[in-house]
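Comments concern the structure below.
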Amino acid sequence: MSGEIGYARLLDVLAAEAGALAAAVDGQRPERQVPACPGLTLGETARHVGSTYRLVTAWLRDGYQPLAWQQDPEPGQSLADYVRAGAGPLVDRLAAHRPDDPCPTWWPARGDHLFWARRLAHETTVHRMDVQGAAGRPLDPVADDVALDGVDEVLTLWLGHRLDVLTVRGTTEVVVSITAGGRTWLTRTGPGPASSWPADGTPAAGAVTGSPTAVYRWLWGRASGREVKISGDHDAIAQLWALLRLATK
């Protein structure tokens, strides 16, 4: 993995998105449904994010994945405060290190603080949109540089690594191109391990094109096919879509 945007920028995104997520949760009924993810609620999303912050903070502090951590708000603590109280120590711990300082992660290809800054910046951005949607609020925009970095992260980490860990495969080997913001990635799915790489002239059976935010949301299953342009082999694109839903579940 090579961070497409800088470490300081990722930490700023993480802090800002955590604040926006907490603000969207504040005063809302936790059972409100996330429109883009049927079955997921606002409360479940906020608890997941706050729990993840604490998990990673403990992991970085102790050097190993913890077996127990605070996974729910304390008695009397609001969901918004639970998110805020988890985000602050995490950002501080990451900010105290250089991006290439080694630390444990769940991706063998990258064991440093940049991994966590990038992963949690996008975790928070995606779930901020979920919570704003559940709260009936307009979705704050995602800056193009952040969305493009997120596209790269989905394709390299989740499609290129997570599917392999899950030993999930497609049925037919196909190449699909993903284009946004003047950049194009190629993806290969099929009976072998999934992979992605910068466009190099390899022909693609299908293509997905759109604005950086639309493609980012589509890859995360937060946007319908109407928000991006789909062309070519629809079965090839459907296979990529289905595999991404398993990888990012």
Subject >> Elements of type strands (runs of 3 or more DSSP E) in the stretch 168-239, at least 1 residues being of a type in the set (A, V, I, L, M), surrounded by 22 or more Cβ atoms within 10 Å (Cβ to Cβ) and not assigned by TED's automatic domain parsing to the domain that holds MET129 >> reply: 174-180, 206-210
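In this structure, does PRO102 turn out to be surrounded by fewer than 16 Cβ atoms within 10 Å (Cβ to Cβ), over 20 Å from the mean Cα position of the chain (by Cα), in the same structural domain as THR124 (by TED's automatic domain parsing) and free of Cβ contacts under 8 Å to residues at least 12 places away in the same chain? Steps first, answer last, please.
Working: surrounded by fewer than 16 Cβ atoms within 10 Å (Cβ to Cβ): yes; over 20 Å from the mean Cα position of the chain (by Cα): yes; in the same structural domain as THR124 (by TED's automatic domain parsing): yes; free of Cβ contacts under 8 Å to residues at least 12 places away in the same chain: yes.
Yes: the conditions hold for PRO102.
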**OP:** Filter the stretch 1-35 for residues that are at pLDDT below 95 and hydrophobic (A, V, I, L, M, F, W, C) and give the result.
**Re:** MET1, ILE5
Original post:
Of all the residues that make up the stretch 110-137, how many are part of a loop (DSSP other than H, G, I, E, B), more than 19 Å from PRO66 (Cα to Cα), out of contact with any helix residue (DSSP H, G or I) (no Cβ under 7 Å at 6 or more places or on another chain) and not basic (Lys, Arg)?
Top reply: 1
Original post:
Which residue out of PRO141, PRO89 is in a loop (DSSP other than H, G, I, E, B) and modelled with pLDDT of 95 or more?
Top reply: PRO141
**OP:** Give the residue, chosen from THR124, THR105, that is closer than 30 Å to ARG29 by Cβ, in contact with an Asp or Glu (Cβ under 9 Å, 6 or more places away or on another chain) and of a type in the set (Ser, Thr, Tyr).
**Re:** THR124
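The values are calculated or read from the model by the stated rules, or taken from the named source; none is laboratory data. For clarity, every value in this text was computed on a predicted model and none was experimentally measured. Don't worry about glycine lacking a Cβ; one is built from the backbone with ideal geometry, like all the others, and counts go over all protein chains shown.
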